[in-house]
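S.K.: This structure is in structure tokens; I'll ask about it shortly.
Nothing in this text is a laboratory measurement; each read-out follows from the coordinates by a stated rule. Small disclaimer: the values here were computed from a predicted structure and weren't measured. Glycine also receives a Cβ, built like all others from the backbone with ideal geometry; neighbour counts cover every protein chain displayed.
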């Protein structure tokens, strides 16, 4: 699936982040023009979205930062996030220089800086704020449906107070062809799981290629933590697979491996 297709799911498609909500984006752009779809919905054709941005009574370092931003990206594109409109990411550029106007000592006003969306333009900088740009993908959704698939082998779902999602998906860890997998739409991901004294080791694959091994051993039972992080993954539909290695830490008393949750960069 292409970048544009991933960013242009139909309003009723589950891949649309507004699926089930249909939250409309407020008319915050400079000129009210056709809006194709709700928040997060990328246009296929140029709808002429523009934002008039104003900063009032900003400190000198803020003004310098904005000037740097313009100079850095005046020949290319960058991403702006419409937090007021539900968090949609727009790729585009400033259409004119940033011109700070002094209002008092060390304070500036910056008026009418216009940002123009460039439909179809790729992102130059991947989203990288795991607190604001990522979402949790847990074993079970709020309706109790299991989101992670047992592709092969025996995987047991059990409640786990130490797991980030409240449950873990466990495998004996001795059969190297056993697999559990999750399919997501987005960029990179973090793999989270609890650790303990009787756990083994596994490899994690992204779209069929190993991106690293994880060790679930710790001397004491430990709440879920991020065991592996993969960044700067191209936007698309990706499959994360957990596969046992039939190995363990020398101090471990077992080889069981666990799946708890993914944190996916959207």
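S.K.: Modelling each spin label as a point 7 Å along the Cα-to-Cβ direction, I'd like the residue 99/residue 220 distance in nm, to one decimal.
M.R.: If labels sit at residue 99 and residue 220, their model points lie 6.4 nm apart.
S.K.: Additional query: Per-residue counts of other Cβ atoms within 10 Å, averaged by peptide: what ranking do you get for 140-147, 228-235, highest first?
M.R.: 228-235, 140-147
S.K.: Using packing as a proxy for protection, rank 153-160, 172-179 so that the peptide with the highest average count of other Cβ atoms within 10 Å comes first.
M.R.: With the highest mean Cβ count within 10 Å placed first, the list reads 172-179, 153-160.
S.K.: Still on this structure, please answer the following. Stokes-Einstein diffusion coefficient for segment 134-265 at 10 °C in a medium of 1.306 mPa s, Rh from the Kirkwood formula over Cα pairs: what value in µm²/s?
M.R.: Here the translational diffusion coefficient equals 110 µm²/s.
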